[in-house]
Structure formats: C-alpha cells, structure tokens
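Only one structure is covered here, and it is reproduced in the block below.
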Amino acid sequence: MIKVPLLDLKAQFAQIRAEVMPAIDQVCSSQHFILGANVTALEQELAQYCASPAAIGVSSGTDALLLALMALDIGAGDEVITSPFTFFATAGTIARTGARAVFCDIDPVTFNLSPGAVQAFIDDRCAVQGGRLINRATGGRIKALMPVHLYGQCADMDPLMKIARHHDLKVIEDAAQAIGAEYRGGGRAGTFGDVGCFSFFPSKNLGAFGDAGLCTTNHAELAESMRVLRVHGGKPKYFHAVIGGNFRIDELQAAVLRVKLKYLDGWTEGRQRNASFYDAAFAQANLGAKLTTPQVLPGYRHIFNQYVVRVQKRDALRVRLAERGIGTEIYYPMPLHLQTCFAYLGHQAGDFPQSERAAAETLALPIYPELDEEQLAHVVASVAEFYA
Ligand SMILES: *Cc1c(COP(=O)(O)O)cnc(C)c1O
C-alpha cells in the first residue's frame, strides 16, 4: 500500500545531506557554539529574506514570543488580545509574563484572528481611561495585539494595524508558521507590527535540527533590547539593568538553517504545487459541503505550512485515512479558551463559536514538498471513497 506520512523529513535530509554535514562539521571543528559567525550571518540572511531591517536569532518560536513580550514591557496588569485557535505557545507566553490573554474569535474562512471580533470586543467591553484602553471587566490595560498567521497565510493585517494604531496597542505577530508569507500588497509576515516571531521547529517550512526561532523588528531600539534580553539582560556582560533569559539560538542550528534557507523558496513552491493539486482534485471529486479546501485570499502568498480542510465526520475520516496509510493531524483539537490552565479566565463552551467549530471540523493533510502525485492522488481518492 502507498504510504503518505503527514511529514517526511528524511526525504528532505537526503537532498541536503552533502551540504549540511560539512557545515555541522565546520562548527564542531571550530568548537565555537554560542553566538558566533553562523548566527551573525544567519541573522543578516533572514532579515533580508523576511524583508525586515533587523533579525535576532533565538532558542525557539516560543522564546521569540516571550522575548517580544518582555521587550515590549508587557506583564502583570496588562492584557494582550489574541486568537484562541492557535498553538498553545501564543497564549502560554502571554500568561507567563503575568499578563492576561484576551481571546477574540477567528474568521471562519482563514482561521485567523477576526478584525471584526477585535473591534467588537473593544467597542462592547472596553473603555478609554486617561488615554488607555481598559478592559471594563478586569480593569486591566489592553496593551497589545498578537495575531497569528495560521497555517502559513497572513492574518488580515490592515484592519488589525488600524485598530492597534487607533488605541496605541503594540503588535506582536506570531509568524511561527508563516516565514515568507505575504499579505495583499506584498509585505512579508513579521514586518507589519512591532515584532515578528518565527519558529524553526523541525516541522515548520524552515526547520532546524532541533529547536530554534527568530524575532524580526523594524525598530532599532527594540532590536537592541531583544539582543540584551537574549543574554539575561546583561549589558555589559555581568551587569544587569534588566532581567532577561537565555534565549540564544546556537551555532549548530544556525549553520543548518543557513544551508536550508537556500532551498526554502523551492520547498515552499513544492507545497504550493501540492496544494493546487489537492484543490483541483478535490473540486473534481465533487464533495460539496463534505469537504472545504483552504482558501488563498487574492494577492496573498500562502506558504502552506499546513493544508487544512474543513470536513464533515472529521474523526471517522481521520481513522479511515490512517487505515489507508495516510497521516493527518488536528491543529488544534481544543481551543485555548477551553484549556484547563486557562479556566481562571472564566470562559465556557460557546464563547468563541468559530474557533470551537474549527477545532471540531478541521484536518491537516500531508503537504510537504517531496510528496509525489501518486501519494497526493491516493489521499484524494481515499477521502472521496470515505464519503461515497
Ligand atoms: C510552532 C509554533 C509556535 C512555537 O514555536 P516553537 O519553536 O515550537 O517553540 C508558536 N506559535 C505557533 C502558531 C506555532 O505554530
């Protein structure tokens, strides 16, 4: 039987092995593992790739978010508006600073934070006091927006930035899944707000051989502040005006990522090609409302970190596909407002219906670039067979 794993990184490694192993060897020979030449070069190369003036390599996507929040001085008494339909780290990092995560529902087509929902929350539930936006229920100050560019397509940044500017909110983009994604008009993920946060977790489009991440920013002072916070806030070394953490990316990961970056656009085109294949084949299969393919909005560059369909009988379909040798995943089965650890926020089922529906109805299909047409066709045929 044809096997179609959700992701096969071995195929990618085979492609770059001859180039990446000497790069690793070179770091080992130098025995320079922390903040060396590879990190400096990678930061320059990624700043250019992301079309951002500054890029700071960090230890993970999660730490990128945490570092951005710390650099923007977000903490106890502050609140950050974000999506409840995202990976845990988005809200987890907000809570870890002592701030409160404020959820607003998503757009049902893109699964991204809905600007309309954010505006409604501000209009209905907030008040302006002394020039500050205050959550009337908690008394906390709404200090930032954290949109997520979910699955590799940008959130609707124009209206979100307009809201942010109007209320003097900072904007941290969770671009963990969206390196190289473009908004209509062409701006790249991570360059719209104050800080863009990226992940190089192995399953992302640009994946390290372990954990790594990146912050981008247009502000020179923020870049400097993040560089200092990345090394425990020491400036000069061993003298601390602020408390940071160990948020460093290491040389081995930087060396690997520099090799992989050269292939990124080719790999992303492979993902887009596979997405087009699925789009056409699912359309031909005539599944009607049983399966809805992801929508790429006009003028956007979707990088397809995930290809996520909305389907009927999702869990039964997933079992059937597993029986046919097809790997799938649910991103994400429980929206964050219903997680046990966020019970203190006081939410209940029904609070964010679009997020809850998405959690119950979506399924990620294999989309990695090395898939061949036989594998893609097997996925589509197996789905069609399930519904027939
Ligand atoms: C992967 C991911 C993160 C966290 O990145 P790590 O590198 O795994 O820490 C944060 N947010 C989103 C949306 C992600 O997909």
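Each value in this text was obtained by applying a stated rule to the coordinates, not by laboratory testing. Just so it is clear, the model here is predicted, and its values are computed rather than measured. Note: ideal-geometry Cβ built from the backbone for every residue, glycine included; neighbour counts use all protein chains shown.
Structure notes:
- Kirkwood Rh (inverse of mean 1/r, distinct Cα pairs), region 296-371, angstrom: 14.4
- Volume of the Cα convex hull of region 73-141, divided per residue and given in Å³: 88
- Long-range amide H partners of ALA54 with built H, under 5 Å: THR217
- Total formal charge among the other residues, if their Cβ is under 15 angstrom from that of ALA54, Lys/Arg +1 and Asp/Glu -1: -3
- In summary, region 10-261 shows an alpha-carbon radius of gyration equal to 1.03 times the 2.2 N^0.38 Å reference for compact globular proteins.
- Summarising the label geometry, the points placed 7 Å from Cα in the beta-carbon direction at ILE243 and ARG357 lie 4.4 nm from one another.
- Residues whose amide H comes within less than 5 Å of that of LYS170, counting only those at least five positions distant or on another chain, are ALA144, LEU145 (H built at 1.01 Å from N in the peptide plane).
- Stokes-Einstein, applied to the Kirkwood radius of region 174-274 over Cα pairs at a viscosity of 1.567 mPa s and 4 °C, places its translational diffusion at 86 µm² s⁻¹.
- Stokes-Einstein D (µm²/s) once Rh is taken as the Kirkwood radius of region 257-388 over alpha-carbon pairs, at 37 °C in 0.692 mPa s: 201
- Residue-count net charge about HIS219 - beta-carbon cut-off 14 Å; Lys, Arg +1, Asp, Glu -1: -3
- Whole-Å distance, taken between Cα centres, linking region 232-277 and region 84-139: 28
- Each residue, ASP168 and GLU323, gets one label point 7 Å from its Cα in the Cβ direction; the gap between the two is 6.1 nm.
- Taking each residue as 0.36 nm, the span from ASP73 to GLU385 lengthens on full extension beyond its C-alpha to C-alpha distance by 107.0 nm.
- Dividing the helix sum by the residues of the chain, where each DSSP H run of 4 or more adds -39500 (n - 2.57), gives a mean residue ellipticity at 222 nm of -13000 deg cm²/dmol.
- Taken one residue at a time, the phi angles of region 150-162 give Karplus couplings (6.51, -1.76, 1.60, θ = phi - 60°) of 5, 6, x, 10, 5, 5, 6, 6, 4, x, 5, 5, 5 Hz. Gly and Pro are set to x.
- Modelled FRET efficiency - R0 22 Å, LEU6 with ALA280, Cβ distances, 0.05 increments: 0.55
- Set of lysines near LYS10 by C-alpha distance (under 27 Å), chain-local residues within fewer than 8 positions excluded: LYS204, LYS260, LYS262
- Long-range HN-HN contacts of CYS126 with modeled amide H, under 5 Å: ARG136
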